[in-house]
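Following: one structure in structure tokens, then a few remarks.
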């Protein structure tokens, strides 16, 4: 299990600061949910952590500074799934999942037996082994999401970064994929950071939530503490009720604004 | 109900049947290429003569001395040259398409054609000033490498170093070199025919010297490209995702472009500009045998070789005794054939 420490991080593009984080820690084996309105900086923060976005400040994995880790070694430590992965529509599913083994294969080499079995294990866990000979372009949304996750899992990295893993799925497939992710996290002892736009989903699955707004962390803690009606009105400009689901977790329900709520939102949303 | 589930997900491999089919096509093309011409050579006798070259095999063949000379000094060098150039153009085209994730990429994308054109034009004009005919391929080679080198420098200094930046730099460099070539040519209108003939491409040979010139480049470039076949599949997920898989994308692109460019420049130097091969052959392979570069690259080399040997055969027989430019043949027969493959295939490009 791997711990992530982010300190004094700042991402700027063309002189404009997109994200600043003074201090953010992800505990080993934890599922941290990044929430926040569109454009708040969730994706930018994830990319900065994985090292595909230039930034100032420090990102450490189990105390090791990321800047000092080579690309291929880093790929053995962090696997990530972007919100909209590039899908080579003619590639066979087996070939696609095996791409996850790239950090373990010599530059000009080919897959060894250990790579094939790692890909098989990942595909079995996600129930996509029987899709091995299908073309990527023929998969349904739910199948595609599981295949993309299988590629990330085949990387056997202790850290998994997911950007909106369920954004294109219906409610049934969303629950199925989220349950699967949680199961994998426990079984493989993964440290998991995921950006999520569905607040109820985030509250139901993540142990800890970090609310990002305007490029800053504005709340950090368990769902019950972060997801308050006031905070959501302030940062999302939304009128919601936060209710107890009777199971110890909370659900967030959007409701039509009454005139008094609307005025609050008007005043406070930049 | 037992559902058949594969035990392990096997990567795409080049099927033996495909490989044998491609080799058979190439062998047939070569046999036709050496047999057909103003002097007919029986393929059986040619085969016996070739076998006789092997150490320990000693059998008389039915060829006369004249036929033997035609076979070894005229037909065979030309067929081998056609095969090498065709293999190189098709393989380099496939590699460019992979490394730029662009189905329209061809080996001339980054300025090879324009640079070689300018170099060849200068050398042809320079003959009045005492340059020999041997200077033309050397100048074409140098011009091609200069243009792509300039494209790379521009792509690195301007913008964000992405594949798109490189392609756009190539467009700028190619336009500039073409303009320079047109200007130089207009100032020396008497060489127009010769320059035009060079640009259209031809596989004229004088014995084995051209083969000897281009073969080392094709072998080295082909080996480097084939070695990168899995890497080209990784690049299919885009630069950023490939980077998160531990790949240094810029380095892969540099190696592939360098190898493909060197080979293409050598091919262009001895054959002029032969269009279409670098696009049509790889896409035909994709449509028939799938899109993994483990399949596309080796099959493109083999089929490209066979295709150009056949195109050259058509170029020198359709209007015999005069010759058609081979570039005209590759497009004239290649385009309808490609449309046919597109129509009958279920795959998309």
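Every number here is computed from the coordinates shown, using simple stated rules; none is lab data. Only a predicted model underlies this, so the values are computations on that prediction, with no experimental measurement involved. Positions of Cβ are generated from backbone atoms using ideal geometry, with glycine treated the same way; all protein chains shown enter the neighbour counts.
General observations
- For A:99-108, mean number of other protein chain Cβ atoms within 10 Å: 5
- Residue with peak Gaussian network fluctuation, chain A [Cα springs, cutoff 10 Å], from A:156, A:229, A:130: A:130
- Residue of A:77, A:136, A:91 that the Gaussian network model of chain A assigns the largest fluctuation, springs spanning Cα pairs under 10 Å: A:91
- Unit Cα scatterers, Debye sum, the protein assembly as shown: log10 I(q)/I(0) for q = 0.07 Å⁻¹: -0.57
- The DSSP beta bridges internal to the range A:4-222 are antiparallel in roughly 55% of cases.
- Remark: mean inter-chain Cβ contacts per residue of B:289-302 equal 1, using a 10 Å Cβ-Cβ cutoff to other protein chain atoms.
- Among A:41-49, A:65-73, A:233-241, the order from most to least packed when residues are scored by Cβ within 10 Å on average: A:41-49, A:233-241, A:65-73
- The protein assembly as shown: antiparallel DSSP beta bridges as a percent of all, rounded to 5: 60 percent
- Descending Cα extents along the principal axes, the range A:4-222, whole Å: 46, 41, 33
- On Cα atoms only, tilt of A:259-268 relative to the major axis of chain A in degrees: 70 degrees
- Applying 1/(1 + (r/R0)^6) with R0 = 41 Å to the Cβ-Cβ distance of residue A:256 and residue A:5 gives a FRET efficiency near 0.45.
- Prolate/oblate/rounded label for the range B:1-112 (Cα gyration tensor, a/c 1.5): oblate
- Mean Cβ count within 10 Å, highest first, over the residues of peptides B:271-279, B:287-295: B:271-279, B:287-295
- Cα-based shape type of chain B, given that a ≥ b ≥ c are square roots of the gyration tensor eigenvalues and the cut on a/c is 1.5: oblate
- The distance between label points at residue A:113 and residue B:104 comes to 4.9 nm (points 7 Å beyond Cα on the Cα→Cβ vector).
- Largest GNM mean-square fluctuation among B:243, B:331, B:266, using chain B with Cα springs under 10 Å: B:243.
- Site pair residue B:16 and residue B:48 shows an inter-label distance of 3.3 nm when each label is modelled 7 Å from Cα along Cα→Cβ.
- Axis angle, to the nearest 10 degrees, between helix A:113-125 and the longest C-alpha principal axis of chain A: 40 degrees.
- Helix A:141-154 vs. chain A, principal-axis angle (Cα, 0 to 90°, nearest 10): 60 degrees
- Label point distance in nm, residue B:190-residue B:66, each placed 7 Å from Cα along Cα→Cβ: 3.9 nm
- Computed FRET value (nearest 0.05) for residue A:187 with residue A:225, which takes r as the C-beta separation and R₀ as 35 Å: 0.80
- Our estimate of slack between residue A:124 and residue A:218, defined as 0.36 nm per intervening residue step minus the Cα-Cα distance, is 29.9 nm.
- Cβ crowding within 10 Å averaged over residues, with A:93-104, B:120-131 ranked highest first: A:93-104, B:120-131
- Förster-model FRET efficiency, 56 Å R0, residue B:197 and residue A:241, C-beta, rounded to 0.05: 0.10
- Its relative contact order, with pairs defined as Cα atoms under 8 Å and 6+ residues apart, puts chain A at 23 percent.
- Available extension along the chain between residue B:182 and residue B:7 is 56.9 nm, counting 0.36 nm per residue and deducting the alpha carbon span.
- Here the gap between residue B:32 and residue B:156, fully extended at 0.36 nm per residue and compared with their Cα-Cα distance, gives a gain of 40.0 nm.
- Averaged over the residues of A:126-133, the number of partner chain Cβ atoms lying within 10 Å of the residue Cβ comes to 3.
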